[in-house]
Amino acid sequence: MANKLKVGIIGLGSMGSTHLDIYLKIKEVEVIAIADSIQSRLDGSSKAEGNISGQAEGGVTGLSAIKYLDGMELIENPDIDIVDICVGTDLHFTFVEAALSKGKHVLVEKPLARTYDEAKKIIQLAEQSSKYVMSAMCLRYWPAWVFLKEAIDSNAYGKCLSLNFKRQTSFPGGAFYSDHNQCGGALLDLHVHDTDFVSYCLGLPEAVFSQGYKGPSGGIDHIATHYIYNQSDLSPLVSSEGSWTMQEGYGFNMSYTANFENGTLSYLLEQDETLKLFRSGSEPESINLKEGMGYEFEIRTFVDEILSGNSTNLDLLRQASETIAIIEAEKTSIETCSLVSIKI
């Protein structure tokens, strides 16, 4: 391809490094710049680790790219078409605003912003920009979760009666995760995946009831939420639990159980990844999933949308924004031990 899209990545933690690995596999793009405030990450003498297999496997060694200690300097580079933002959540709005002001396409890691107010400002910027903006909510592209969304939408196994999601790990450590003012605690940084997917599948809930407790971030690091929808025959029972308060060495797992009128789907990612379908009168069926992780398919989609000349999918971006409003309602519910309505 003669004219490849030129990519600059800001932040070389586990997600920035994972994104780098993926871009290097896409023939239509070229990573021409990277930025991180930690020099050893830029020169390859240190590397962030992922919490699941397949994350951050490569590195910068041998990469021919301009290296910046300041991400804002990367944004100033006129040759860059795409800015991939993998900095701390509290910095997302600042970097998105700067990148769009310089006419760059933007992929910003989850969550979209630290607060709903900042997320709404990003929506306004995206509405005013001709560039493509994506929030990296990877579960929307994860094969097992794509399968679930399609099963709900198509009624393949009848009406969905209940959904339960779980995501658990040990505390990730480090200065960023140790400050809930920056990361939002597990409530925002970890649990946001499942809250977003609930909204993606079923729309905005009417209210939430949550319980939880504080952990090593100083904020809410273990959460259990019920999402309240219109109590009609069409509304499933929906809940999720997220935690990074597990003891050291516990590892990472994510799972869902979806019960339908005519089947039950059970998914688990731990050491291995399995999705099984249970139906009365039949042996459990193992579902063969498309190989790959959500990060890969999300970035591929982002690049394809740009190459196709499409405008920002504002519906998905607004949903990522509204997810933060739901998270903030969950926090209020925990603090007040009450049912909290979602106000957008």
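Quick notes on this one:
- Sequence-separation-based contact order of region 1-88, relative, with Cα cut under 8 Å and 6+ spacing, percent: 42 percent
- Pairs from K120/K290; K6/K131; K47/K214 whose Cα-Cα separation, in the structure shown, is over 26 Å: K120/K290; K47/K214
- Rounded accessible area per residue of region 58-113, 1.4 Å, Å²: 38 Å²
- I10 accessible area, 1.4 Å probe, all protein chains in place, Å² to nearest 10: 10 Å²
- With the convex hull of its Cα atoms as the shape, the chain has an orientation-averaged projected area of 17.6 nm².
- Divided by 2.2 N^0.38 Å, where N counts the residues, the Cα radius of gyration of region 218-318 comes to 1.44.
- At full extension, S178 and I287 could sit 35.4 nm farther apart than now, given 0.36 nm per residue minus the alpha carbon distance.
- Taking 16 Å as the straight-line reach from the Cα of K25, the aspartates and glutamates in range (excluding those fewer than 8 positions away in the same chain) are E57, D84, E291, E296, E298, D304.
- Residues listed by number, region 305-337, amide nitrogen under 11 Å from I344 label point at 7 Å toward C-beta: 315-326
- Region 196-289 - percent of accessible surface contributed by carbon and sulfur, probe 1.4 Å: 45 percent
- Long-range Cα-Cα pairs in region 147-266 (distance over 23 Å), rounded percent: 35 percent
- Heavy-atom accessible surface of region 34-173: percent carbon and sulfur, 1.4 Å: 46 percent
- Proximal aspartates and glutamates relative to K276, as straight alpha-carbon distance under 12 Å, when same-chain residues fewer than 8 apart are discounted: E285
- Distance in nm between pseudo-label sites at E150 and L24 (7 Å out along the Cβ direction from Cα): 3.1 nm
- Under 15 Å from the D70 label point (7 Å along Cα→beta-carbon), backbone N, region 14-42: 35-38
- Computed FRET value (nearest 0.05) for N164 with E97, which takes r as the C-beta separation and R₀ as 41 Å: 0.65
The values are calculated or read from the model by the stated rules, or taken from the named source; none is laboratory data. What you see is a predicted model, and the numbers here were worked out from it, not measured in a lab. Because the Cβ atoms are built from the backbone with ideal geometry, glycine has one as well, and the counts that use them run over all protein chains shown. Ligands, DNA and RNA are stripped out before the accessible areas are found, and what is left, the full protein with its side chains, is counted by its heavy atoms. Shrake-Rupley method; radii C 1.70, N 1.55, O 1.52, S 1.80 Å.
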